[in-house]
Amino acid sequence: MYSTNTVVKDTKRRGRLTIILGIDPGSRITGYGIIRKEGQKLHYVASGCIRISGKELPGRLKQVFDGVSQIIAQYQPDEFAIEQVFMARNADSALKLGQARGVAIVAACNSEIPVSEYAARLIKQAVVGTGAATKDQVGHMVMQLLKLPGRPQEDAADGLAIAICHAHAQQSLIAMAGKSRSRSSRVLRGRFQ
């Protein structure tokens, strides 16, 4: 049974620890990856796939929502990252992917988890170093970065890659904010001395 209860977080207990849930949405298979970020270190928590059955789209979307809600209830992530929709050759597939993304995002919003979205090229760039990386390269680098004993299933590896991308993006924002504050304080000190 899936639970959709709102998750209450104890941020004081976690300190600098952040749990990040990455979602690779799909109307047939939705991959997920959960990592723990402690300072600048990333640690593997869990990953897997929500396998969707049935022919009718509304029932499949409910399975995505219920599956993501269950993962959120179990792991209580602090942040949620998901891949943006890209324009596929098939408009029908792109619409179904967009709907699967939408129900996953609603599951995060229902639990009051901040949502971030990343383009596929940016995710590959963050994990492999090139936006043109193959699925095989992404899987290999996820395994290396998280020190996994084996390569995760492709959709699960994509979920982990999205979580890693988010962790790197947050670290970059923190670093830029620190530089900005440092520069501002130097300018202010110069004006008032």
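Assorted remarks:
- Residue within segment 65-81 that is free of Cβ contacts under 8 Å to residues at least 40 places away in the same chain, part of a helix (DSSP H, G or I) and open to solvent by less than 70 Å² (accessible area, probe 1.4 Å) present: no
- Residue 38 being open to solvent by 70 Å² or more (accessible area, probe 1.4 Å), over 22 Å from residue 153 (Cβ atoms), in contact with a Leu (Cβ under 8 Å, 6 or more places away or on another chain) and not polar (S, T, N, Q): yes
- Within segment 109-124, the residues that satisfy the criterion of being touching a residue at least 24 places away in the same chain (Cβ under 8 Å) and within 27 Å of residue 150 (Cβ to Cβ) are 118, 120, 122, 123, 124.
- Residue tally, condition open to solvent by 40 Å² or more (accessible area, probe 1.4 Å) and touching a helix residue (DSSP H, G or I) at 6+ places or on another chain (Cβ under 7 Å), over segment 90-109: 3
- Segment 43-56, residues that are open to solvent by 40 Å² or more (accessible area, probe 1.4 Å) and either in contact (Cβ under 8 Å) with a residue 24 or more places away in the chain or over 27 Å from residue 165 (Cα atoms) (or both): 43, 44, 45, 53, 54, 55, 56
- Among the residues of this structure, residue 11 does not count as one that is modelled with pLDDT of 95 or more and either at negative phi or surrounded by fewer than 14 Cβ atoms within 10 Å (Cβ to Cβ) (or both).
- Applying the criterion of being surrounded by 17 or more Cβ atoms within 10 Å (Cβ to Cβ), of a type in the set (A, V, I, L, M, F, W, C) and in a loop (DSSP other than H, G, I, E, B) to the residues of segment 110-167, the residue that is farthest from the chain's Cα centre (by Cα) is 133.
- All conditions in (1) at pLDDT below 95; (2) within 17 Å of the chain's Cα centre (by Cα); (3) not polar (S, T, N, Q) hold for residue 1, with the sole exception of (2).
- Subset of segment 15-34 [in a strand (DSSP E or B), over 9 Å from the mean Cα position of the chain (by Cα) and crowded, with 24+ Cβ neighbours inside 10 Å]: 30, 31
The values are calculated or read from the model by the stated rules, or taken from the named source; none is laboratory data. Keep in mind that what you see is a predicted model, and the values were worked out from it rather than measured. When we count neighbours, we look across all protein chains shown, and the Cβ atoms used for this are built from the backbone with ideal geometry, even at glycine. Side chains are part of the model used for accessible areas, which takes the heavy atoms of the whole protein and leaves out ligands, DNA and RNA. Shrake-Rupley method; radii C 1.70, N 1.55, O 1.52, S 1.80 Å.
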